[in-house]
Amino acid sequence: MFDTICSIATTLGVGAISIIRVSGKEAISIVNNIFKGKDLEKVESHTIHYGHIVYEEKVIDEVLVSVMKAPKTYTTEDVVEINCHGGIQTTNKILEILLLNGCRQAEAGEFTKRAFLNGRIDLMEAEAVMDLINSQNDLARQIAINELQGYGSNLIKKLREDLINIISNIEVNIDYPEYEDIYEVTINDLKDKINDIKEKLEKIVKEYEDEKIIKDGITTVIIGRPNVGKSSLLNRLLNSNKAIVTDIPGTTRDIVEGNIMINGINLNIIDTAGIRESTDLVEQIGVKKSLDIIKNADLILLLLNNNQPLSKEDLDLFNKVKDKTSIIVVNKNDLEKRIDLSSLETNNIVYINTLTNEGIIPLKEKIAELFNLEKIMTKDFNYITSARQIAKIKECLNLISDIEMGIDNNVDLDLLELDLRHIWENLGNIIGESYDEELLDELFSKFCVGK
Ligand code: GDP
């Protein structure tokens with residue numbers, strides 16, 4: 001049995017109402033001690049009561065208190081929620097009084113962690129809670145709510161059931177070795193069934209890339225020589241004056257960021273410091289940072305100057321990014337054309353002029369085309385959305401390769417069965433059938449306090 005925890009569940013700031021959540025076996029009695037109104041220990045479950053929070057005979061606030069008795073609650077424990085007047089002072093004061101009366105301040109995600117540890121939701125569903133809170137667009141929200149309702153977990157559970165059937169089949173066959181052709185029959189059957197599981201897992205991995213884009217957006221990096229117009233492009237895209245625009249090369253010393261939406265998907269744009277050899281230390285740090293960011297980007301916008309011939313630096317940059325998804329953006333289209341792009345092997349070229357708005361819409365259309373954004377938004381997803389979950393799926397696919405190799409090399413059935421069991425366990429880890437404390441701590445630490 002856990003101790004009783006409390007936390008502010010709403011954003012701490014000035015607002016109409018704040019909610020303070022209490023969960024644990026003492027939840028009702030602790031709140032009852034500081035509540036003047038009905039005796040909360042005697043009320044029905046899932047009821048709401050008007051009264052006052054009173055401390056040292058002083059009224060602290062006029063509140064509504066919801067009483068939800070175990071087990072049909074968020075954590076499966078007794079839960080009380082105090083709806084008080086919004087505002088930092090009142091909310092903090094009530095929290096402080098609860099702490100003085102025997103509650104412990106909840107850690108980040110501890111309410112959801114309890115819901116998991118008490119068996120109300122599985123680990124995938126717990127992760128979906130966080131996805132739901134953090135969703136950046138409507139589709140990400142839909143995927144998260146479906147995951148929370150168990151779509152993803154059911155998919156994994158079904159795969160585990162299929163595996164158990166295969167494993168028990170193998171065991172029956174191992175137990176009756178007197179039939180000579182048994183290896184042959186079992187192996188052929190295994191090949192088909194394992195192939196079916198492999199296809200399902202591969203589909204999950206493939207769709208994850210699109211889901212990642214929906215969830216996290218497209219990390220887009222603007223690169224190019226100093227003075228080609230990177231900051232101007234960022235400002236055009238963001239419709240703001242966020243980046244400092246000057247005609248002194250190397251002005252954007254650090255990384256400037258912003259967000260826009262294209263077809264409902266978030267584009268996280270980063271404007272880098274001018275990448276070039278430099279003796280200026282500050283600028284060198286910026287350059288190193290830029291190269292790191294390029295490595296992790298989903299999309300690179302390489303900016304060139306229409307008014308200048310292609311330089312060695314331009315070509316170096318092109319070679320750095322040519323294996324990544326990138327668009328050559330030729331800026332200063334208003335000036336005389338002095339650039340020749342015939343040596344660059346790419347079809348992704350857009351001409352722009354950041355002094356006007358010319359080329360900005362075609363650029364956005366090109367991005368939508370490269371990431372298939374129109375199709376993504378109408379796809380039916382698998383609801384496997386976290387890097388942790390997908391890493392486990394990839395481990396399963398590696399094990400399937402081992403099994404396939406084993407089959408080709410006439411490996412004993414009991415060895416193949418061992419690999420199948422590992423796959424079954426890995427899938428179990430996804431939904432939290434087994435887990436280690438460290439994983440849980442890391443996972444729930446990303447939650448907000450009060451959830
Ligand atoms: P950065 O160093 O790559 O970030 O370049 P900036 O955005 O600071 O722009 C450098 C200079 O080029 C500024 O003086 C801008 O006004 C100018 N500039 C930017 N875009 C254009 C353009 O499309 N046409 C012309 N003629 N000048 C531009």
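The values are calculated or read from the model by the stated rules, or taken from the named source; none is laboratory data. The structure presented is a predicted model; accordingly, all values stated were derived computationally and were not measured. Virtual Cβ from ideal backbone geometry, glycine too; neighbours counted across all protein chains shown. Accessible surface areas use protein heavy atoms only, side chains included; no ligands, DNA or RNA. Shrake-Rupley method; radii C 1.70, N 1.55, O 1.52, S 1.80 Å.
Quick notes
- Checking every residue in segment 294-307 against the condition of being at pLDDT below 80, part of a helix (DSSP H, G or I) and more than 16 Å from the ligand (Cβ to nearest atom) gives zero matches.
- A search for C-beta distances below 9 Å between a residue of segment 340-358 that is at positive phi and any residue that is within 16 Å of the ligand (Cβ to nearest atom), counting only pairs 6+ apart in sequence or on different chains, returns nothing.
- Residue match in segment 235-248 (condition: over 24 Å from the mean Cα position of the chain (by Cα), near the ligand (Cβ under 9 Å from one of its atoms) and modelled with pLDDT of 55 or more): yes
- Residue check for Asp131: within 19 Å of the chain's Cα centre (by Cα) and crowded, with 18+ Cβ neighbours inside 10 Å: yes
- Verdict on Val321 being at pLDDT below 95 and of a type in the set (Val, Ile, Thr): yes
Yes/no per residue for (1) surrounded by fewer than 15 Cβ atoms within 10 Å (Cβ to Cβ); (2) at pLDDT 95 or above:
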residue: Ser7; (1), (2): no, yes
residue: Gly13; (1), (2): yes, no
residue: Ala16; (1), (2): yes, no
residue: Val22; (1), (2): no, yes
residue: Ala27; (1), (2): no, yes
residue: Lys36; (1), (2): yes, yes
residue: Val43; (1), (2): no, yes
residue: His46; (1), (2): yes, yes
residue: Lys58; (1), (2): yes, yes
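- Filtered residues of segment 215-234 (kept if within 16 Å of the ligand (Cβ to nearest atom) and in a helix (DSSP H, G or I)): Lys230, Ser231, Ser232, Leu233, Leu234
- Verdict on Ser401 being outside the structural domain of Asp314 (by TED's automatic domain parsing), exposed (fewer than 14 other Cβ atoms within 10 Å of the Cβ) and either farther than 30 Å from Lys158 by Cα or modelled with pLDDT of 95 or more (or both): yes
- Boolean, Ala126 is under 22 Å from Ser445 (Cα atoms), open to solvent by less than 60 Å² (accessible area, probe 1.4 Å), out of contact with any Asp or Glu (no Cβ under 9 Å at 6 or more places or on another chain) and assigned to a helix (DSSP H, G or I): yes
- Summed over segment 335-356, the residues that are closer than 14 Å to Ser232 by Cβ and of a type in the set (A, V, I, L, M) give a count of 3.
- The set of residues from segment 349-358 being open to solvent by 30 Å² or more (accessible area, probe 1.4 Å) and either at pLDDT 95 or above or within 10 Å of the ligand (Cβ to nearest atom) (or both) comprises Ile349, Tyr351, Leu355, Thr356, Glu358.
- The listed residue being in contact with a Lys or Arg (Cβ under 7 Å, 6 or more places away or on another chain) and over 30 Å from Ser18 (Cβ atoms), out of Asn410, Asn429: Asn429
- Among the criteria (1) of a type in the set (Lys, Arg); (2) away from the ligand (no atom under 11 Å from the Cβ); (3) at pLDDT below 80, the one Lys212 does not fulfil is (3).
- Residue within segment 359-375 that is more than 16 Å from the ligand (Cβ to nearest atom) and open to solvent by less than 10 Å² (accessible area, probe 1.4 Å) present: yes
- Of all residues in segment 384-404, those that are assigned to a helix (DSSP H, G or I), closer than 19 Å to Asn146 by Cα and not small (Gly, Ala, Ser) total 3.
- Subset of segment 356-374 (residues that are outside any loop (DSSP other than H, G, I, E, B) and of a type outside the set (Asp, Glu)): Ile360, Ile361, Pro362, Leu363, Lys364, Lys366, Ile367, Ala368, Leu370, Leu373
- Filter pass, Thr346 being more than 35 Å from the chain's Cα centre (by Cα) and open to solvent by 30 Å² or more (accessible area, probe 1.4 Å): no
- Residues located in segment 143-154, provided they are open to solvent by 80 Å² or more (accessible area, probe 1.4 Å) and part of a helix (DSSP H, G or I): Tyr151, Asn154
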